[in-house]
Amino acid sequence: MYTMNPTKPVILTGVRANNDIHIGNYFGAILPIVDMAKRRSTDFDINLFIPDLHSFTTPIDHSKLYDSILNNARIYTAAGLPLDNAAIHLYRQSRVPAHSELAWILDCFTGFGEMSRMTQFKDKSDKLHGDQISVGLFNYPVLMAADILLYNATYVPVGDDQTQHLEFTRDIAERMNRKFGELFTVPKPVAEQHQFFGKDQGLRIKDLANPTKKMSKSDDTGKGVIFLGDNPRVAHKKIMSATTDSLGKVQYDRENQPGISNLLEILTLVRQDAGRDVTLEQTISEFTGMERYGDFKRIVADETAEFLTNFQARLAAVDEPAIEAKLQSSEQAMNLVANQTLHRVQKAVGLRR
Ligand code: TYM
C-alpha cells in the first residue's frame with residue numbers, strides 16, 4: 001500500500017483548470033511551481049493538483065471542461081514537469097472525493113460572516129448578477145482549505161490574491177484543532193511562506209490594456225490578456241496595442257510607467273523561457289532611454305509571438321499516455337492519503353467510531 005513518507009513535509013499548490021491559462025499564470029505560477037517541484041522534491045512531497053471542482057464556481061461552457069482539465073496537466077508537462085519523479089504527485093481534485101467530503105464538514109464550522117469578508121468573492125460576485133452568484137463561489141475558500149489540510153501541507157505557494165484564503169485555512173485548522181484535538185497540520189504563516197519561496201511569489205504580470213490591474217482570466221474583453229493558446233499573430237497585435245504612457249522614454253518605473261515596465265518584464269520572461277540567461281536588470285539597461293515605443297513594442301511582440309509558437313509546439317508534443325498514467329497513479333496514491341485524514345476528522349466529529 002502506498003503512503004506518503006510521514007517524515008517528509010508537503011508542498012501543495014494548484015492552478016484552476018480553465019482552457020484560458022494566460023502568461024500571467026504561466027510565468028507567475030506554473031513555471032515557478034515546476035522549478036520549485038524540481039528543486040525541492042528530494043526533501044518534500046510535492047502535490048500539484050488540478051482544482052477542477054473550482055472551475056465552475058462561476059458559469060463556464062461545460063462541454064470544454066474535460067479537455068481543459070487535461071490541458072492543465074499538459075501545460076505542466078510542456079513547462080518541464082518531470083512525470084517520472086515519484087515524489088511529485090499530479091492529480092485531479094474531483095478524482096479524490098475526500099476533498100468534497102471534508103469541505104462539507106468544514107463548511108459547518110465556518111462562519112457566514114467569515115466567508116462574506118473574502119475580497120475575491122466580493123470582486124468576482126460584483127461582475128455577476130442574480131443566480132449567477134453561486135453558493136459554490138461563496139464558500140470556495142472552504143474547499144481550498146480542504147485541498148490543503150487533507151495532505152498535511154506545510155507550504156502552499158500561491159500569489160497574493162490567494163493569501164486571504166491561506167489565512168482562512170490556518171484559522172479553520174486551528175479552530176478544529178482547539179475543538180477536537182490535533183486533527184490538522186497548520187500550514188506555515190504567509191510571511192514564512194514568502195521567505196521560503198523567495199520573491200517569485202510576488203510577481204504579477206499586468207493586463208496589457210490596463211497595466212495597473214493584474215492580468216486575469218476574468219478580464220471581459222481579453223484584449224489585455226495573452227492566453228497560451230492565442231494565435232501568435234493575435235498576441236502580436238495585443239502587444240502592439242498595449243497601453244503605455246506619454247513620457248516618450250523607456251524606463252522601468254512601475255509607478256509612473258506601468259505599461260512599459262510590464263512589457264520589460266514580459267520580454268525578460270520570454271527570453272528566459274527561450275533559454276537565454278538574462279535578468280530583468282539586463283533587459284532594463286538594454287532598453288532604457290529608447291524613445292520610439294513602437295520599435296520597443298515590436299521587439300516585445302516578436303519575441304512573445306516566438307515564445308507562443310515554441311510553447312504551442314512543446315504542448316502538441318507532450319506524451320499523452322504518460323500524462324494519463326501519472327494522473328492515475330497519483331490519484332490512487334492520494335486517495336489513500338486523503339482518506340486517512342478524512343477518517344480522522346469523521347471520527348472526531350462523531351461520524352465514525
Ligand atoms: P488561480 O487558478 O486563480 O491562479 C493560480 C495561481 O496563479 C497566480 N496568478 C498570477 N500570478 C502572477 N501574475 C498573474 N497575473 C496571476 N494571476 C494568477 C495565483 O495567485 C495562483 O497562485 N484558489 C486557487 C486555486 C486553488 C489552490 C488550492 C491553490 C484551489 N485550491 C489549494 C493552492 C492550494 C486559484 O483560484 O488560483
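For Cα pairs less than 8 Å apart in space and 6+ apart in sequence, what is the mean separation divided by the residue count of the chain, i.e. the relative contact order in percent?
Reported as a whole number, the value is 22 percent.
Under a 5 Å amide H to amide H cut-off, with H placed in plane at 1.01 Å, what residues pair with His22 once short-range neighbours are removed?
Correct list: Leu228.
As a quick test, which of the pairs Lys38/Lys64; Lys64/Lys122; Lys214/Lys238; Lys38/Lys214; Lys124/Lys347 have an alpha carbon distance above 24 angstrom in this structure?
Flagged as over cut-off: Lys38/Lys64; Lys64/Lys122; Lys38/Lys214; Lys124/Lys347.
Only loop residues by DSSP count here, and only those with at most 14 other Cβ atoms within 10 Å; note down the chymotrypsin sites (Phe, Trp or Tyr not before Pro) in region 77-145 that meet that. Let's see the in-between values first.
Details: sites: Tyr91, Trp104, Phe109, Phe112, Phe121, Phe138; in loops: Phe109.
Passing sites in region 77-145 are Phe109.
Return the percentage of antiparallel bridges among DSSP beta bridges fully within the chain, rounded to the nearest 5 %.
Restricted to the chain, the bridges split so that about 15 percent are antiparallel.
In Å², and per residue, what accessible area does the chain have when probed at 1.4 Å with the other protein chains present?
Result: 46 Å² per residue.
So what's the angle, to the nearest 10 degrees on a 0 to 90 scale, between helix 31-40 and the longest Cα principal axis of the chain?
50 degrees
List, in order, the whole-Hz ³J(HN,Hα) value for each residue of region 228-237 obtained from phi through the Karplus relation with A = 6.51, B = -1.76, C = 1.60 and θ = phi - 60°; use x for Gly and Pro.
Ordered by residue, 3J(HN,Hα) equals 4, x, 4, 4, x, 5, 5, 4, 4, 4 Hz.
With the full set of protein chains in place, find how many percent of the accessible area of the chain is carbon and sulfur; take the probe as 1.4 Å.
It is 51 percent, rounded to a whole number.
Using only the Cα atoms of region 102-235, build the gyration tensor, take square roots of its eigenvalues as a ≥ b ≥ c, and label the shape rounded, prolate or oblate: rounded if a/c is under 1.5, else prolate if a/b is larger than b/c, else oblate.
Note, shape of region 102-235 comes out oblate.
Tell me, in nm to one decimal, what length is gained between Met240 and Glu291 on full extension, where the rule is 0.36 nm per residue of separation less the Cα-Cα distance? Before the final figure, lay out the partial values.
Numbers: separation 51, 0.36 × 51 = 18.36 nm, distance 1.54 nm.
Roughly 16.8 nm would be gained on extension.
From the phi of every residue in region 91-107, what ³J(HN,Hα) in whole Hz does the Karplus formula 6.51 cos²θ - 1.76 cosθ + 1.60 yield, where θ is phi - 60° and glycine or proline is x?
Whole-Hz 3J(HN,Hα) from phi for region 91-107: 8, 8, 3, 5, 8, 10, x, 4, 4, 5, 5, 5, 4, 4, 4, 5, 3.
Scaled to the compact-protein estimate 2.2 N^0.38 Å, what is the alpha-carbon radius of gyration of region 235-342, rounded to two decimal places?
Compactness ratio reported: 1.56.
Output the Cα-based Rg and Dmax of region 73-129 in Å, rounding Rg to one decimal and Dmax to a whole number.
17.2, 45
What are the residues whose amide H is under 5 Å from the amide H of Asn47, where those residues sit 5 or more places off or on another chain and H is modelled from the backbone?
Counting only residues 5 or more places away or on other chains, the set is Ile11, Leu12, Thr13, His89.
Considering the chain, what Rg and Dmax in Å follow from its alpha-carbon atoms?
Just the Cα atoms of the chain yield Rg and Dmax of 21.1, 73 Å.
Could you work out the relative contact order of region 111-206? I mean the mean sequence separation of Cα pairs under 8 Å and 6+ apart, divided by the number of residues, in percent.
Reported relative contact order: 27 percent.
Let's see if you can work this out: charge +1 on each Lys and Arg Cβ, -1 on each Asp and Glu Cβ, no other charges. What is the dipole magnitude of region 90-205 about its Cα centre, in debye to the nearest 20?
80 debye
Assigning unit charges at the beta carbon (Lys, Arg +1; Asp, Glu -1) and nothing else, what dipole magnitude in debye, to the nearest 20, does the chain show about its Cα centre? It would help to have the intermediate numbers written out before the result.
On the way: 41 positive and 44 negative charges, 128 e Å.
So the dipole magnitude of the chain works out to roughly 620 debye.
Is the shape of region 259-305 rounded, prolate or oblate, going by the alpha carbon gyration tensor and its root eigenvalues a ≥ b ≥ c, with a/c under 1.5 for rounded and a/b larger than b/c for prolate?
Values: a/c = 2.01, a/b = 1.31, b/c = 1.53.
The shape class here is oblate.
Rounded to whole Hz and in sequence order, give me ³J(HN,Hα) for region 308-324 from the Karplus expression 6.51 cos²θ - 1.76 cosθ + 1.60, θ = phi - 60°, writing x for Gly and Pro.
These are the phi-based 3J(HN,Hα) values: 5, 4, 5, 5, 5, 5, 4, 5, 5, 9, 5, 7, 4, x, 5, 5, 4 Hz.
The values are calculated or read from the model by the stated rules, or taken from the named source; none is laboratory data. Just so we're clear, the structure is a prediction, and the values are computed from it rather than from any experiment. Cβ coordinates were reconstructed from backbone atoms using ideal geometry, including for glycine residues, and neighbour counts include every protein chain displayed. Surface accessibility is based on the protein's heavy atoms, side chains included, excluding ligands, DNA and RNA. Shrake-Rupley method; radii C 1.70, N 1.55, O 1.52, S 1.80 Å.
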